[in-house]
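Scroll down for the structure; my scribbles are underneath it.
The values are calculated or read from the model by the stated rules, or taken from the named source; none is laboratory data. Just so you know, these numbers come straight off a predicted model, no measurement behind them. Here the Cβ positions follow ideal geometry from the backbone for every residue, glycine too, while neighbour counts run over all protein chains shown.
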Amino acid sequence: MSKHLNLLDFNMGYHEKTCLLKQNLSYEFQVGELHLLIGPNGVGKSTLLKSLSQDIAPLAGKVVIHDTELSQLDPRALARTITYLPAQWQAPQHLKVIELMELGRYPHRQGLQKTPPPDMSLDACLKQMGTLHLKYRALQNLSDGERQRVSIARTLYQDPQWLLLDEPTSFLDIPHKLELFIELRNWCKQRQRGALISCHDLEIALRMADVVHLMNDGQFTSGAPEDLILDGTLKQAFQSDAIIFESESLRFMPQLKTCIQIQWQGPAHIATIVNTGLRRLGFDMTLHHCDWKLHYHQESSQPWQVEHLNQPKGCFDDFYQLSKALQIACN
C-alpha cells in the first residue's frame, strides 16, 4: 500500500466562510522526500499542518494514507501514522529527556503487551539530533534550542510514517539549522518516510528540500526549488520595495538605494561578500571603468585601497575602516 500523503478535494480553515484555499486541493505528497512549506505570514501554513494531522478538521475533502482516511483512525493508530510538532510545543518541564523520549513509544503499546522494539533505538534518535549527551538532563535545565532538538528526537523515536514540523528551526543556531535539514532529509531517504516542514529559513531550506510548497493569496503551488526560482514564483511571492530575492545566491537582500558605482579590482571569490557591504554604504560594484576604484591585496599590511579620480589613494587595515572613510567621502 502507498505511504504517500494524499489530499482529496481538500480545503481548510476555521470557518466555512473563511476557506484558506481559493480552490479545493487534490495533491500527493510522496514519501522519501523532504517537503518544505513556505509562504508569507498568515497564509495558513500552520493551519494546513494541523488539518493534515487532524488536530483540526478539514473544511472539505479527505486526508488519506495507506488508502485509509486519517479521520477514521483511533488516536494511537493516528500517532503511528502521522505526527505533528507545533512551533511552540511545551513538554512537562519536570521530565528528564529520557522520560520524554519514552513517551514517544506510547502509541505502539497494545494493552498490557510489551511495546514492540523500535526500528531506531532511543540513543540513535538522540544522536541523530545531536542531543545524546542530554539524555539524563531535566528539560527545565535545557536551552530553548536543546529542547527543540530533543522534541524532534522524540518524534523520530515515535517512528511515524509522516512527520509534520512547524517552524522547527526557530530556536536553532545556523549550524544546527543546517544539521537538522540534513538529518531529516536522510531520515526520509533511508527509511522511506515523509516530512513536511513549515519554515522561514529559506536560504538554508531551499538548498535541502526536494519539493517546495508555496502558499500565497489562497493558491498552493508545488515544485522543485529550482523550478519555483527559475519561473519567478518565489521572487513574486516575497519580493517587495524593501526586499529583493537573488536567485543566483538564494539570498534575500535589502533593496538599498545605490547611487555610486565603484570598480572592483580584487579577487573574484570575495566579490559577493564585498558587494554586500558596498551596497549597504550606497555603492554598487562594477567591473567596468569608473571614477571610484577599490583594490584588495591580501598580502599587504593595509589590504584595502580605494581611489577616487586624482585624489590620493586611501589605504585601510580592514573593511570597517574602509566603510567609515567611504561614508565620510559620500557625505
- Query: Quick one: Leu165 ticks every box in (1) over 24 Å from Leu100 (Cβ atoms); (2) crowded, with 18+ Cβ neighbours inside 10 Å; (3) touching a residue at least 60 places away in the same chain (Cβ under 8 Å) bar one, so which box is it?
  - Reply: (1)
- Message: Take the conditions among the small types (Gly, Ala, Ser), under 39 Å from the mean Cα position of the chain (by Cα) and over 27 Å from Ile243 (Cα atoms) and apply them to Gly277. Does it pass?
- Response: no
- Would you be able to say whether some residue in the stretch 45-52 is in the same structural domain as Ala124 (by TED's automatic domain parsing), free of Cβ contacts under 8 Å to residues at least 12 places away in the same chain and of a type outside the set (Lys, Arg)? no
- Item | Subset of the stretch 26-44 (residues that are among the hydrophobic types (A, V, I, L, M, F, W, C) and in contact with a Lys or Arg (Cβ under 8 Å, 6 or more places away or on another chain)) | Val31, Leu34, Leu37, Ile38
- Query: If we only count helices (runs of 4 or more DSSP H) wholly inside the stretch 135-239, which ones have 2 or more residues that are of a type in the set (Phe, Trp, Tyr) and in the same structural domain as Glu33 (by TED's automatic domain parsing)?
  - Reply: 174-191
- What residue, of Tyr136, Tyr106, is at negative phi, surrounded by fewer than 20 Cβ atoms within 10 Å (Cβ to Cβ) and modelled with pLDDT of 95 or more? Tyr136
